[in-house]
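These notes concern the structure reproduced below.
The values are calculated or read from the model by the stated rules, or taken from the named source; none is laboratory data. Since we're looking at a predicted model, the values are computed, not measured. Neighbour counts are summed over all protein chains in view; Cβ atoms, including those assigned to glycine, are modelled from backbone coordinates with ideal geometry.
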Amino acid sequence: MSAHSETNANHAIRSERGIGTGTKPAFKTTELVAYVLAVLGVLIASAVVDDGAFGAKEAWFDVTLLTIGYMVSRGLAKSGSRDSSDDR
């Protein structure tokens, strides 16, 4: 059996098993739901609180930190996965 036919056979086996990337699209993860709920919670809390201790500036800073955390978590999830095109 030639190397080319072995590669095709391995690819067919992987396709049958459904092996692909190890991560889901971002909109299908619970990380996104948790991120959106946390952002909404921060923004609602800043709107409800009347004193100057937690205003718009602090709320948007917290949203920025949440966004950075979300982006890092997605990056770590993607860095540990393999793409099926890596096998070619």
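So the values come out like this:
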read-out: Any hit, the stretch 37-47, residues being of a type in the set (Gly, Ala, Ser), closer than 28 Å to Ser79 by Cα and modelled with pLDDT of 90 or more; value: yes
read-out: Extreme residue, modelled with the highest pLDDT, among residues of the stretch 48-64 that are surrounded by 11 or more Cβ atoms within 10 Å (Cβ to Cβ) and aliphatic (A, V, I, L, M); value: Val63
read-out: Search result, residues across the stretch 46-79 that are touching a Ser or Thr at 6+ places or on another chain (Cβ under 7 Å), in a helix (DSSP H, G or I) and free of Cβ contacts under 8 Å to residues at least 12 places away in the same chain; value: Ala56
